[in-house]
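Here is the structure we will look at, set down as structure tokens.
The values are calculated or read from the model by the stated rules, or taken from the named source; none is laboratory data. Since this is a predicted model, take the numbers as computed values, not measurements. When we count neighbours, we look across all protein chains shown, and the Cβ atoms used for this are built from the backbone with ideal geometry, even at glycine. Ligands, DNA and RNA are stripped out before the accessible areas are found, and what is left, the full protein with its side chains, is counted by its heavy atoms. Shrake-Rupley method; radii C 1.70, N 1.55, O 1.52, S 1.80 Å.
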Amino acid sequence: MTNTTNNQTTNNPQIISGTTGGAHLTDGPLTTTAATAGSPDLLTSEIDSRIVKIRPMATPIDQISRMVGSRPASSMKVEYYSVDTRPVESTVKGRSKASADQLPDLPPTFTVATANDRLFAPTDTIMFPDVTVETPGGQEEALTCYVSDVLTGTESGLKLIALNMGSDDEIPELTDGMKIVRMGRAAAELDVQTAQFEALPVKDHNYCQIFKAQVEQSALMRLSSKEVGWNLSDQEEVAIMDMRMGMEKSFLFGTMARLTDPRKMDEVLFTRGIWNQAGEEATLSLGSLTQNDLIELMKKAFTGNAAGSPRKVLVAGSELILAINKLESTKVIMAGDTITRWGIDFNEIRSKFGSLYVVHAEVFDQCGHANDGLIIDPQYLTKYTHVPFRVERLDLKKSGVRNTDALVATEASCLVLRHPKTHVKIRGTWD
């Protein structure tokens, strides 16, 4: 009875929690099953650390996503949220009108309609950067106003009080299309509340795609092969590389879909590539590309809606890389430095707006995008994994299929861009 109990205990080790959140194994050996239960990411991370050593330059997107880590997905359909930022500007709609209840001791009060009145709230400060006024002190400044009320009903618009004009000054002409910039709110001393503003995340989804690769070897071939580290033979390494290349293409240019295979009568899910998720787009004329064009691209990639990390990655096809390489290095843009990140050698392009890590991706050429590129913000690139990368050995000889041993590699995963506007796809032309 004692031996049976001990055997059961040995075969079923217990995992207990440590004093600071760790996991400890008692009454049994450390096995892959126990390791997975106690530290689910341990073996997955080890496998990823070996996978990323296989030709990392050929699959930069898959490489980066593995190096920054992935999130577990409980199902093949991944749902995620993106939070956008509140717009900072609008435009004048129509013309301004002087207020009927103008008080003599106040600066000019007037009403102006905007393209989006709901963007503004009482106590906001706004600026008209294209309208210059002379302050009571004799200085020239952009017209700045205080929003005293947001009108609704039959008469819409913003009721404004000019902040840098004298009470006797005439209201400047505000015409249709003039830019309005929303600034900070200004509260009175006794105010304890202000207009409410909440950001609601936008829900989106993607499908995890099941990627597979299989290698078969005869018994004699297996005996002659050399196994090192993770038991990857030369044939297995080639298969893994081919699998990663296929995943790279799906991660970049895949189309999200689900269908039933008519032969297998089983559902198949297809993942959506990040090229189709990017929220910003730029066009470059590669035949006449100049330093100024590249600076404009950097501005678009690091300012406005695309603002995010100060360092981003540009993966591009050979024609776009060729056009960039023809540009001479200057003090403003320096493309001569080589940076190694995530196991990839990048050429760095710097500007006052931010830095781009540039790498050629052969997948762009293979998929008909040799002229194009994609600027991604690694901080907002997320990989979801439903089935972590794993390798299973099949004994086809025992099952009576073939006198071979088979290795099958499997992963079910997808990539998502959590803030699409921070990523820019570049379309290059030779016009």
Inset, instruction - Could you check the simple spin-label distance between residue 394 and residue 242, using points 7 Å along Cα→Cβ, in nm with one decimal? - result: 1.5
Legend entry - For the range 291-332, alpha-carbon Rg and Dmax in angstrom: 11.5, 29
Inset, instruction - Take each of the peptides 133-144, 310-321, average the number of other beta-carbon atoms within 10 Å over its residues, and list them starting from the highest. - result: 310-321, 133-144
Legend entry - All Cα pairs of the range 254-382, percent lying beyond 20 Å: 49
Legend entry - Rounded to whole Å, sorted largest first: equivalent-ellipsoid semi-axes of the range 128-192, Cα gyration tensor: 21, 18, 12
Legend entry - Average accessible surface area per residue within the range 236-361, 1.4 Å rolling probe, Å²: 49
Legend entry - Cα-derived Rg to Rh of the range 253-306, Kirkwood definition: 1.30
Inset, instruction - Would you mind classifying the range 353-393 by shape? Square roots of the alpha carbon gyration tensor eigenvalues, ordered a ≥ b ≥ c; an a/c under 1.5 is rounded, otherwise it is prolate if a/b is larger than b/c and oblate if not. - result: oblate
